[in-house]
Structure formats: C-alpha cells, structure tokens
Amino acid sequence: EPRAAYSDEYLLRAALAESAPGPLGHSSSSSSLSASCSFSLLRVPSCSADLSSAGAPSEGWQRTYRLCDNLRRSMEHGAALTSDGSVFVPSAVWHQRGARFTNLGAKSAAFDELSSQTAPFASLDFSDGELLLRELGVYCEALDAIQLALSRALPASCGIASAPYAGAVQQQAEPDAASRLMRSLGNAFAKTLVSGGAERNFANSSAYTAQLRAMLLSLAGLQRLHERCAAADAPPTLARALHLLERAHRFVRDVVLVLVSSDVALLLARYLRKAEESFVLDDVG
C-alpha cells in the first residue's frame, strides 16, 4: 500500500508497535514489571492544559507539522505525540548514553542539508509572490534530490520511496544564477550521500537529538508559510504557492517522519529494556 495512504499518526503507532513484543502501550511479556513500565511510559497523564491531546487538525499538512512540533517538544521536556494523548515520550528517552542508530551517516547528512535548505524560509519576504514561487521551486528540487539520494542509500526496509517529482520539476520562472547554484549544490549532495558519505558516530543520543531538534525547528518556518498561504484572506500570489508547499509537506511526511518515527521506536524499546534491567538488578541485590 502506498506510503502516502497512511496517516501520520499511523506511521508512528506502527513503528512503536513493531519495536515492542505486544500491542502499543502493553507488553506481552509475562513480566508484570515490563507491562507496567510500557503502560506508564506510553500513556500520558490526564491534564486539561495539555493541548497535544486535543483533536487532530483536519488538514493533512497540519497533522504532519503538529506531530513534528510534538516530537520537538518531547525532546525538550517530554510530550504526547498523538492527538488522543495515548503516546507520551519523556525527554529522557532522547538522551540515552550508548544508543546506536541505524544508517546514521545518511540520516545525519540528510537532516543537516534539510535544515540548511529550510532555514531561509523563516525570514522570507512573503510580499514578493514571484520570489516566493521561485524559491519554493528550487527548494522542492532540493527536497527531491535528498529523497532520491536517501532512497538509494538506505535499505528498502526503511520505507523511503524515490521522489515522485524527481526530474519533472516545472519552474514557475526562469531560474537565476543563484537558483541554478542551489540546484547544483543539491545534486552534489545527492551524489555524496549515494556514495556513502562520512559515517558519523555519536557517543550518546543527545548529540543526534540536538541535530533532530534543529531540523524540526527549521520546519516550523515552513509550517508558518503554509498557514499564511492557506489562509482564507491570502492574496492570489501566495495561494499559487500551495501546490509547492504541498510537495514540501509530503516530503516531511514521507521522509522525515518515517525516519524519525523509527528512531523513536528504537529509543523507546531501549529505554524500557534498560528500565526493566535496572529493576531486576535491584530485586536481585
């Protein structure tokens, strides 16, 4: 089934379920300790001030960026990831010493590139519609290059499909020299990533978490731009950018959230295992 047919929260729940021996939020282990730890970690306490447990937004792109924001907040002080508040991730999950991630070199390079390509949108002048369309067109080319490179560099089990628009980008205006340079840099990055790139090793998950947080913060600027262009009172020049912003949203959903949700599942499974081991050692002692 195509990845795009899945809801954002379904991706997260599926990744979490695959990392655990039983259904989400419960362990099938005979150990009551394991079951209680799983439940207390994944079930967010009832709190009227917790807006993350409010109903999910109706628009798909809003749900995607809501989950990105919840992931970032979970890194900072813990947060519920799902709209019903059933999956809560403490910040300690993201800061475990000795954690090892799969395909770390490729993901780190991709997230660094994504952050650098997305950051300019936080200060982009929305009043110049033609400039916005041109910059978004180049940006989408860069996203296609990243997705295509990841689809080649990562194993098929990671679930990253080749970019649907790669090689078929239609520019809104003739690209200037700066745009051509950005596109060539994106292509150079793709070649570097496919060839393997430099493998990166982190002593603990905090360093990788800091990189993820910076990337998610940069996506907040893209979210604000999408909100402005989708507003009912948006001028026609901004409304014309929605199809490009939807392409960017699909990249965030089908690439960023797919990869980050697998990292969350890995960290949660490790966190629960370490908690259970510590209780067993204390009981033996």
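Being open to solvent by less than 30 Å² (accessible area, probe 1.4 Å) and either part of a helix (DSSP H, G or I) or modelled with pLDDT of 95 or more (or both) is a description that applies to Leu267. Checking each residue in region 100-153 for being of a type in the set (A, V, I, L, M, F, W, C) and over 19 Å from the mean Cα position of the chain (by Cα) picks out Leu124, Phe126, Leu131, Leu132, Leu133, Leu136, Val138. Restricted to region 78-126, and to residues there that are part of a helix (DSSP H, G or I) and at pLDDT below 85, the residue that is farthest from Leu268 (Cα to Cα) is Ser123. Checked against the criterion of being out of contact with any Lys or Arg (no Cβ under 8 Å at 6 or more places or on another chain), open to solvent by 30 Å² or more (accessible area, probe 1.4 Å) and of a type in the set (Val, Ile, Thr), region 100-107 contains one or more residues that satisfy it.
Restricting Ala234, Ala198 to residues that are open to solvent by less than 30 Å² (accessible area, probe 1.4 Å), at pLDDT below 90, of a type outside the set (S, T, N, Q) and outside any helix (DSSP H, G or I) narrows the list to Ala234.
Kindly check whether there is at least one residue in region 126-135 that is open to solvent by 10 Å² or more (accessible area, probe 1.4 Å), touching a residue at least 60 places away in the same chain (Cβ under 8 Å) and of a type in the set (Phe, Trp, Tyr). Checked region 126-135: at least one residue is open to solvent by 10 Å² or more (accessible area, probe 1.4 Å), touching a residue at least 60 places away in the same chain (Cβ under 8 Å) and of a type in the set (Phe, Trp, Tyr).
The values are calculated or read from the model by the stated rules, or taken from the named source; none is laboratory data. Quick caveat: nothing in here was measured; it's all calculated off a predicted structure. FYI the Cβ positions are ideal-geometry reconstructions off the backbone, even for glycines, and counts take in every protein chain you see. Note: areas computed on protein heavy atoms with side chains; ligands, DNA, RNA excluded. Shrake-Rupley method; radii C 1.70, N 1.55, O 1.52, S 1.80 Å.
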